[in-house]
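So the structure is just underneath, and the comments pick up after that.
The values are calculated or read from the model by the stated rules, or taken from the named source; none is laboratory data. The structure presented is a predicted model; accordingly, all values stated were derived computationally and were not measured. Glycine also receives a Cβ, built like all others from the backbone with ideal geometry; neighbour counts cover every protein chain displayed. Accessible surface areas use protein heavy atoms only, side chains included; no ligands, DNA or RNA. Shrake-Rupley method; radii C 1.70, N 1.55, O 1.52, S 1.80 Å.
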Amino acid sequence: MIDLERVREIQTEWESVARVGGVEADRFARRSLEGCARSLDVVAANLARLGYPAVPGRVPPRDDVGALVERCEAALGGPVPPVLRLFWELVGGVALVDLDGYAHEGFWDASGLRGARGYCDGLFVDACTPDWIRMVLDEHEHPPTDPFVLSLSPDGYHKDDTSGGPAYGMPLQRSWLAPWLYFAWSGHVRPRCAPADPPDLLGYLRASILECAGFPGLYGAPEFESFRSRVLTGVAPF
């Protein structure tokens, strides 16, 4: 299994570097996100081998992501957090749940697995696409929150087709540690390597993937352990 103490050390180092910012923060984030992309590909392959329903998995980045981000920033009048921009450039997006037919719900029901709050909260972060930008610009005209937050993921309830709260997202700001808002660790126990609340994007990704095997809502359930171990086979800390 993954050495969670090492994951905590990496996150602590990242937070220290990110507070200073500059070139070192950019380099650290790039290395981390390149590792995140590799880890997500392994997780997706392992899920498929275990019979998990077909889901997008990692959504590769678009070639025009830079132009799309610039369009977004110009329209919104504020900066996309730098780590989010790098996520879109190096990872793309990720969806470990089926938001069309919710087939993942049937899989967990058949496995006898249920989240502590009734949902799996499978990892999801929107890729930067023209459709996403249209959605965000429409929200910006009728902002659901103040200050404005970029909607990047349905909340845990909505991921399992149940009415819930606001989408997880990030504020417009230049900080490398811009928070992942409206999210809460919803499993049976809190991940050991989870950063302080609210997590930054890299902290959220590390704990969600490297400790929770992509499903924070199921983490800590005894019957999830065998599945979690197999999902994380071949995954390396990032």
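Is the shape of the stretch 15-88 best called rounded, prolate or oblate, per the rule: a/c under 1.5 gives rounded, else a/b larger than b/c gives prolate, else oblate, with a ≥ b ≥ c the square roots of the Cα gyration tensor eigenvalues?
Details: a/c = 3.10, a/b = 1.51, b/c = 2.05.
Oblate.
Run the accessible area of the chain with a 1.4 Å probe and give the carbon-and-sulfur part as a rounded percent. The value for the chain is 50 percent carbon and sulfur by accessible area. What does the C-alpha gyration tensor say about the overall shape of the stretch 136-238? Classify as rounded when a/c is under 1.5, otherwise prolate if a/b is larger than b/c, or oblate. Cα axes put the stretch 136-238 in the prolate bin. With contributions of -39500 (n - 2.57) from each DSSP H run of at least four residues, the per-residue ellipticity at 222 nm computed over the chain stands at -13500 deg cm²/dmol.
Go through MET1, MET170, MET135 and list them by solvent-accessible area, largest first, probe radius 1.4 Å. Don't jump to the answer; show the numbers that get you there.
Numbers: MET1 140, MET170 0, MET135 65 Å².
My answer, sorted largest first, is MET1, MET135, MET170.
If you put +1 on each Lys and Arg Cβ and -1 on each Asp and Glu Cβ, how big is the dipole of the stretch 194-234 around its Cα centre, in Debye rounded to 20?
Values: 3 positive and 5 negative charges, 33 e Å.
Result for the stretch 194-234 is approximately 160 debye, rounded to the nearest 20.
With r defined as the distance between the Cβ atoms of ASP41 and ASP146 and R0 fixed at 25 Å, what FRET efficiency is calculated, to the nearest 0.05?
Numbers: r = 38 Å, r/R0 = 1.51.
Here the calculated transfer efficiency is 0.10.
Between GLU70 and GLU9, the simple spin-label model (points 7 angstrom out along Cα→Cβ) gives 4.1 nm. GLU223 sits with roughly 100 Å² accessible to a 1.4 Å probe, with DNA, RNA and ligands left out of the calculation. In this view, the solvent-accessible surface of ARG38, computed with a 1.4 Å probe and all protein chains in place, comes to about 150 Å².
Comparing TYR219, ILE133, ALA95 along the charge dipole axis of the chain, the residue lying farthest to the positive side is TYR219, per the Cβ-charge model. ASP138 exposes around 90 Å² of accessible area when a 1.4 Å probe is run over every protein chain in place. Sequentially through the stretch 182-194, phi angles give Karplus couplings (6.51, -1.76, 1.60; θ = phi - 60°) of 6, 9, 9, 5, 10, x, 6, 9, 7, x, 5, 9, 5 Hz, Gly and Pro residues having no value and appearing as x. For the chain, the per residue solvent-accessible surface stands at 43 Å², with DNA, RNA and ligands left out and a 1.4 Å probe. Shape class for the stretch 1-154: oblate, because the ratio a/c of the largest to smallest gyration tensor axis (alpha-carbon atoms, square roots of eigenvalues) is 1.5 or more and b/c is at least a/b. With a 1.4 Å probe rolled over the protein heavy atoms of all chains, the accessible area of GLU15, GLU225 falls in the order GLU225, GLU15, largest first.
Solvent-accessible surface of protein heavy atoms, probed at 1.4 angstrom with all chains present, puts VAL80, VAL189 in the order VAL189, VAL80, largest first.
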